[in-house]
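What follows is a set of notes on a single structure, which appears directly below.
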Amino acid sequence: MITTTDLTKVYRTRDREVTALDGVDLHVEEGEVFGVVGRSGAGKSSLIRCVNLLERPTSGTVTVDGQDLTALAARSGSGNRAGKELRAARARIGMVFQHFNLLSSRTVLGNVELPLEILGHSGQQRTRKARELLDLVGLADRAGSYPGQLSGGQKQRVGIARALAGDPKVLLSDEATSALDPETTRSVLRLLRDLKEQLGLTVLLITHEMDVVKAVCDSAALMRNGRVTESGTVAELLATPGSELAGELFPVGGEPSAPGRTVVDVTFHGETATEPVISKLSRTYNVDISILGAAMDTVAGKQVGRMRIELPGGFEENVVPIGFLREQGLTVDVAAVADGAAGDAGAPPGERSAEAVAAPAGQAAARAEGGAE
């Protein structure tokens, strides 16, 4: 539904250039909620404003629902003024802003009617459509109120209703919940998820809150310095060894308690989330396991968790237990090996993890059987 290819945005001032987007490739499937996360300055807001061509990309292409918006912008002529074709394409893309952007002089109903006025709908059509949308977002009884009389969550619901006025196929959300308290954030996210299901929307949202990704997103991408460093479905990311985004979603901490110890991060997802795998490992190999940290939550209706455990001995001594965990369907990363441990303790943990991933499953199974005997 949304595809960006080699998207670049450079802001130029008199004495310098700032690259906000540096060759961004992104693909959002129809009907999914896709979250883009990253720190301030990562390029998230520039990306979402380029998707609907509120910002003209310096280079690259943006395609929404099979239509190349950058080609439409090129035909609009010079400057930032949009041509008729581009304005028509934008009408099918709703936008929800962080700070609501409501007109204080208009009622709630009047704010929702505004885009319908711009689209040329008659007064009766505008009013009927706006009331339907307010009912959809749970604010039918506040149609005559003014923005100053609403709570933050209510203002954002008005913003969502306004964004839906043009019957969009795509809804863009730029930090829509960052100004809201946690309870209101949850209610707005539930609303977005429900609207996605009811109206068949594709939602692209920008956020710096990992809880938003866990609560509502089907897929996600991590941005850093204007580039997408990771992307995929949330389930794929959680099952990817070394995924930075998975670590951000479920942060766990803990250092080796003593020399000669190996620290491992284990991700439970799917059916493994309810299995007593760690206790089974301890019984099978008679291993004393310390739990240094854990995090558990529900993602897309499924229980997912991460746990940091400590195993006695160096990495080489723990190849069989680590292989056992992987055979149970868990994602396993070697986080650290304490100084003084045996084997390749001096090598970076990532290299050891990659080596273990590359080891044939059959070999690990054979060694596990030998250990059990």
(request) Nearest 5 is fine: what % of DSSP beta bridges in segment 2-238 come out antiparallel, could you say? (result) 55 percent
(request) Treat every Asp and Glu Cβ in segment 162-232 as -1 and every Lys and Arg Cβ as +1, leave all other atoms uncharged, and give the resulting dipole magnitude about the Cα centre to the nearest 20 debye. (result) 180 debye
(message) Let me spell out the model: positive unit charges on the Cβ of Lys and Arg, negative unit charges on the Cβ of Asp and Glu, origin at the Cα centre of segment 2-238. What dipole size does that give, in debye rounded to 20?
(response) 920 debye
(request) Among 269, 334, 91, flag the residue with its Cα farthest along the positive direction of the charge dipole of the chain, charges on Cβ as +1 for Lys/Arg and -1 for Asp/Glu. (result) 91
(request) Return the calculated 222 nm mean residue ellipticity for the chain, to the nearest 500 deg cm²/dmol, obtained by summing -39500 (n - 2.57) across DSSP H runs with n ≥ 4 and dividing by the residue count. (result) -10500 deg cm²/dmol
(message) Under the 0.36 nm per residue contour assumption, what length would be gained going from the current alpha-carbon distance of residue 198 and residue 271 to full extension?
(response) 23.4 nm
(request) May I ask for the equivalent-ellipsoid semi-axes of segment 1-88, computed as the square root of five times each C-alpha gyration tensor eigenvalue and listed largest first in whole Å? (result) 20, 19, 10
(request) Report the Stokes-Einstein translational diffusion coefficient (µm² s⁻¹, integer) for the chain, Rh taken as the Kirkwood radius over Cα pairs, at 20 °C with viscosity 1.002 mPa s. (result) 92 µm²/s
(request) Let me know the charge dipole size of segment 28-67 about its Cα centre in debye, to the nearest 20, where only the beta-carbon of Lys, Arg (+1) and Asp, Glu (-1) is charged. (result) 360 debye
(request) Quick one: compute a quarter of the convex hull surface over the Cα atoms of segment 108-263 and quote it in nm². (result) 12.4 nm²
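Every number in this text was worked out from the coordinates using simple rules, so none of it is lab data. Given the structure is predicted, the values throughout are model-derived calculations rather than measurements. Don't worry about glycine lacking a Cβ; one is built from the backbone with ideal geometry, like all the others, and counts go over all protein chains shown.
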